[in-house]
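The values are calculated or read from the model by the stated rules, or taken from the named source; none is laboratory data. Quick caveat: nothing in here was measured; it's all calculated off a predicted structure. Every residue, glycine as well, gets a Cβ built from its backbone with ideal geometry; the counts of neighbours run over all protein chains shown. Calculation scope for accessible area: heavy atoms of the full protein, side chains included, ligands and nucleic acids excluded. Shrake-Rupley method; radii C 1.70, N 1.55, O 1.52, S 1.80 Å.
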Amino acid sequence: MDYFEDRIEAEAELREMLGYPNKIVEAMKISYMERHCREFIGLSPILFASTADLQGNCDVSPRGDAPGFVKVLDDQHLIIPERPGNRRMNTYRNILENPHIGLIFIIPGLEETLRINGKACLTKNPGLLAPLEAHGKIPKLAIGVEVEEVFLHCAKAFKRSDLWDPKTWPGALPSVPEMIAAHAGRPDITADVVSKGLKESYEKRMY
């Protein structure tokens, strides 16, 4: 069954349905990080990085640490430290094939977000990595980004979702160990095994 048979195939049809951005939206896109952008990045404890491989297979991955963990080198360049993860390395492998990257920076309590698009690389330059030290650990590598496009994204998604309002948060949350065990589908990977593994990882391998 083709759920998506009634498709929009051209921008002209899309524009006829949804229209065009107003003059403020058109004007607010810039190609560098001025002082307001630097302040925003400095206050952000988390970002989401979007990358794709050569075939266009996409991935979005969170990066987070204390506010200021992303360093702005100058108006055109920033650097994101590597922190220990699950070793899938989707983002890193994509960057090796395709340098294009999209970033969304979030500040808790603020409904607008900062979006940055550019070209990325992986660097092991000691001079760049040393200032990214956290909890006594210097990262093994970092993502360097050459900025091409910067703009603020409006708050409508956050307002519609009431994301920052604790009253809207669900009382019961999904069991992550149970989800992982179900996805693995192996008798030796039980929810209990996953739970113990996550606990050890979170306690001993954060940096």
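Before moving on, here are some points about what is shown:
- A66/M28 FRET efficiency (R0 35 Å; Cβ-Cβ; nearest 0.05): 0.80
- Size of charge dipole - segment 95-152 - debye, nearest 20, with Cβ of Lys, Arg +1 and Asp, Glu -1, no other charges: 340 debye
- Annotation for segment 170-207: trypsin sites (Lys or Arg not before Pro) lying in DSSP loop with at most 15 further Cβ atoms inside 10 Å of their Cβ are R205.
- Distance violations [Cα-Cα > 19 Å] among K71/K124; K29/K159; K119/K159; K71/K199; K137/K196; K29/K119: K29/K159; K119/K159; K71/K199; K137/K196
- When peptides 92-99, 165-172 are sorted by average Cβ neighbour count within 10 Å, with the highest value leading, the order is 92-99, 165-172.
- Among M179, M28, M89: highest mean-square fluctuation, GNM of the chain, C-alpha pairs under 10 Å: M179
- Charge dipole (debye, nearest 20) of the chain; +1 at Cβ of Lys and Arg, -1 at Cβ of Asp and Glu: 940 debye
- Computed with a 1.4 Å probe on the full set of protein chains, the accessible area for V193 sits at about 70 Å².
- In a simple Cβ point-charge model (Lys, Arg +1; Asp, Glu -1; nothing else charged), segment 1-55 has a dipole of about 600 debye relative to its Cα centre.
- Result for the chain in a Gaussian network model with C-alpha springs under 10 Å: among A120, A52, A182, the largest mean-square fluctuation is at A182.
- Virtual spin-label span in nm between K204 and L152, 7 Å along Cα→Cβ: 4.6 nm
- Residue among P177, P81, P187 with the largest mean-square fluctuation in a Gaussian network model of the chain, springs linking Cα atoms under 10 Å: P187
- Packing-based ranking of 2-13, 103-114, 125-136 yields 103-114, 125-136, 2-13, ordered from highest to lowest mean Cβ neighbour count within 10 Å.
- Sorted from longest to shortest, the spans of the Cα atoms of segment 1-134 along the three principal axes equal 52, 37, 26 Å.
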